[in-house]
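Note sheet for the following structure.
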Amino acid sequence: MNIKKENSTIEFLNKDPYVTQLAIDFFTSEFSNKELHDEIKITLQQRYSKKEPINSSFLRGLGYSLEDFNYFGSTRKEYNAKGFPVGIGPIIIDLLLKENLIRNTTRAFGAEGEVRYRTNHELTSYLRENNLLDNLIFGIQYIIEKYRNSTFLIEIGYKNGDKAGGTGFLINHSGNNIIITNRHVIENAEVIKAFSKETEIEILKIAKSRKSDLAFIYIPDLNLPHFFLNPEIKILEEIITIGFPYIPGTKLQFQVVHRGEINSIVEDYEGNSLFLFSAKTSSGNSGSPVIDKYGSIVGIITKELFEKKSFTEMGKPPYYAAINSSTIIEELDIIEKKPPHS
């Protein structure tokens, strides 16, 4: 889906967010929302009890149809006094099919009559458990807006009066709200500040990884969406980055979003496992999240692999490197088991 079409679809669905969410929950409830699934079955028994003969596809558990959804929606108390909007259901079905969250069972089982759909159990359950389902359905623009304020500007002050900056992003680990950034961003800093929407965030404590370029800034609960750390990466997987790079000719660091893809998994001279990606980056992007199509974090930007001599003499361009989320998870587990050191 292109960005223009994606935006217009979301705009239409946002006109009635209740029905939009109801449609998503309805068609993905089979394995991920037992209470709703049981309610749907009871309600639809009423629908089919009026039919002669009772629809065998429904009784055999071959999934739900668009007509089932419209009937179920019309029984909601919010729509007792007005007609249930029937235009949202087909759009949600198309979005769910596109992302393989449901599958058409009508052809597979040779059922006649209404077209039926069943939930892709494994993928849908995983996404729902980690609050990623809406991210995949609504796409990149939705992800950007959802997590824009969960990506922080990190401002650094040094003893000599110099200042620098970087980026961080919000997660929750073991009940702690943590901004993850690079260790090199805050190394030797006299003053460390974090900002979301130009609002300075209280810092409770800071922990630094001893072996990786990672730092963990503990903060109070901000009632903002937390990123989910996804340790699995795929070559040529499409990603976006959100960060605060320095932009020539501008007064402040502004939040910038770039698209790219994962290109390779490498190991540097120190034995650190990194992956390369193609999204544009520069100073200030250190600590930026690398985000997949699910809206989860597959890594954190750490450095530019660049040799000035190779560039000037042979024209070899830089590569941009990120630390895999699997390393972030390992370091968090170590820190949570030991007293943090700053």
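Numbers at a glance
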| item | result |
| --- | --- |
| In nm, spacing of pseudo-spin labels at N131 and K234 (7 Å Cα→C-beta vector) | 2.5 nm |
| Residue with peak Gaussian network fluctuation, the chain [Cα springs, cutoff 10 Å], from E99, E35, E304 | E35 |
| Per residue accessible area in Å² of the chain, where ligands, DNA and RNA are left out and the probe is 1.4 Å | 53 Å² |
| Relative contact order (percent, whole number), segment 156-195, Cα cutoff 8 Å, 6+ residue spacing | 48 percent |
| Heavy-atom accessible surface of segment 233-332: percent carbon and sulfur, 1.4 Å | 55 percent |
| Rel. contact order, % - alpha carbon contacts under 8 angstrom, at least six apart, segment 148-276 | 21 percent |
| Hits among aspartates and glutamates - C-alpha to C-alpha of K293 under 13 Å, sequence gap 8 or more where chains match | E99, D134, E232, E237, E238, E261 |
| Protection proxy ranking, peptides 197-205, 255-263, average beta carbon neighbours within 10 Å, highest first | 255-263, 197-205 |
| Max mean-square fluctuation residue, GNM over the chain, Cα-Cα springs under 10 Å, options N104, N172, N160 | N160 |
| Residues listed by number, segment 17-45, amide nitrogen under 13 Å from L97 label point at 7 Å toward C-beta | none |
| Label-point separation in nm, K211 to R148, each point 7 Å along Cα→Cβ | 4.0 nm |
| Value at 222 nm in deg cm²/dmol, rounded to 500, when DSSP H runs of n ≥ 4 in the chain each add -39,500 (n - 2.57) | -9500 deg cm²/dmol |
| Using alpha carbons only: equivalent-ellipsoid semi-axes of the chain, gyration tensor based, whole Å | 46, 21, 19 |
| Where labels lie 7 Å past Cα in the beta-carbon direction, separation of I10 and F306 in nm | 3.1 nm |
| Pairs from K159/K211; K146/K208; K34/K205 whose Cα-Cα separation, in the structure shown, is over 32 Å | K34/K205 |
| Rounded to the nearest 10 Å², the accessible area of E190 at probe 1.4 Å | 110 Å² |
| Net length gained if the chain between I203 and N263 were fully extended (0.36 nm per residue, minus Cα distance) | 18.1 nm |
| Degrees between helix 17-27 axis and first principal axis of the chain (Cα, 0 to 90, nearest 10) | 70 degrees |
| Helix 34-49 axis, angle to the chain major axis (alpha carbon atoms, nearest 10°) | 20 degrees |
| Length-normalised contact order for the chain - Cα pairs under 8 Å, 6+ apart - percent | 13 percent |
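The values are calculated or read from the model by the stated rules, or taken from the named source; none is laboratory data. From a predicted model like this one, the values you see are computed outputs, not experimental measurements. Cβ coordinates were reconstructed from backbone atoms using ideal geometry, including for glycine residues, and neighbour counts include every protein chain displayed. These accessible areas exclude ligands, DNA and RNA; they are computed on the full protein's heavy atoms, side chains included. Shrake-Rupley method; radii C 1.70, N 1.55, O 1.52, S 1.80 Å.
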